[in-house]
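Inspection log for the structure reproduced underneath, given as structure tokens.
The values are calculated or read from the model by the stated rules, or taken from the named source; none is laboratory data. Treat the numbers as computed from the prediction; the structure is a model and nothing was measured. Don't worry about glycine lacking a Cβ; one is built from the backbone with ideal geometry, like all the others, and counts go over all protein chains shown.
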């Protein structure tokens, strides 16, 4: 029997960080998939379920700042492995919870992985890959979120047919525990030299004083805001607006994820090509164009019927929306000194958590206000109202071109 090829350090590290994001986002989609059972178990309404599902964000947002500082100081592999182990324990505890408060406490413990994963991933990718290869590497890391979201839906659908919601939680917990064991076999990347070992307060001051970083963080988080709204309401909107079954609507969500994955890979390749050719600043222009294209494609899709004709537009919108992500991630690494990568990413992660947590509430409020809660008209209008944000995002990114020329390190 032929031996499987041995993975390089770069490959094992990418696998670890992408899989860590996958189990994190897999949990988020699992909670939505078993939501009706959770509502019955703990006597929750829609608002209560939303609060429970987002409980991890409280700890995640608070813990990300010190986690970013630790990423810049200690072994990132060990820190990420510890986060995975704690995350798996929290999932196991959540599956065994018999009271609402115990379940909420378990959900909050999940914030440990949220706080560590992104800063550790950015820092290790920056150390392992030169600038001309970072865009593609970061696209693979970002793909972990989409893969995890899709896998969570599939696991909940298949396992939920035979097990209770507790069993689904324990299956996902086992995947996290297996990944933590795998993490012990990954070597810590050698850190790049750079920076002056600033204090925590001084480091964050430097990061927030870098205009390119601030603009790119805002732009990327607006993209996450829109995608979080789509992820939350796509199934409900599709079923009501197009009059299809929930299974067909679920398929649309999976296809959107597939389109997003294609966009990530294309965005990573384009970013590397531009960097390698000495036109790294052009990534901002390309990313701005991608946000604008996503707004146009989603706008057209919202007015096209039947669903079969609108589907390519939705998938194309998802692809163009996510294509900007790896380029924006790589730009932050290019601008910030290596010993500040963890803290810079923690600023982005905290902002992202807030934007993603607010998105479902914002979309829901706008939908109810404009079209009522009974049909898909309100959600259609809510999506349309939010699309100018993507267009504005493109203009915001163009403002970063001049600061990037002054602040860029590559």
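Points worth noting:
- Check on residue 87, surrounded by fewer than 19 Cβ atoms within 10 Å (Cβ to Cβ), in a helix (DSSP H, G or I) and either in the same structural domain as residue 335 (by TED's automatic domain parsing) or modelled with pLDDT of 90 or more (or both): no
- The helices (runs of 4 or more DSSP H) found entirely in the stretch 188-305 that carry 2 or more residues being in contact with a helix residue (DSSP H, G or I) (Cβ under 7 Å, 6 or more places away or on another chain), touching a residue at least 24 places away in the same chain (Cβ under 8 Å) and closer than 29 Å to residue 63 by Cβ are 200-209, 211-242, 246-276.
- Residue match in the stretch 227-248 (condition: under 21 Å from residue 152 (Cβ atoms), modelled with pLDDT of 85 or more and within 20 Å of the chain's Cα centre (by Cα)): no
- No other residue among 366, 354 is farther than 14 Å from residue 288 by Cα and either in contact with a helix residue (DSSP H, G or I) (Cβ under 6 Å, 6 or more places away or on another chain) or assigned by TED's automatic domain parsing to the domain that holds residue 145 (or both) apart from 366.
- The sole residue among 258, 178 that is modelled with pLDDT of 85 or more, surrounded by fewer than 19 Cβ atoms within 10 Å (Cβ to Cβ) and under 21 Å from residue 290 (Cα atoms) is 258.
- Leading residue by the ranking (surrounded by the most Cβ atoms within 10 Å (Cβ to Cβ)) among those in the stretch 91-140 that are in contact with a helix residue (DSSP H, G or I) (Cβ under 6 Å, 6 or more places away or on another chain) and outside any helix (DSSP H, G or I): 110
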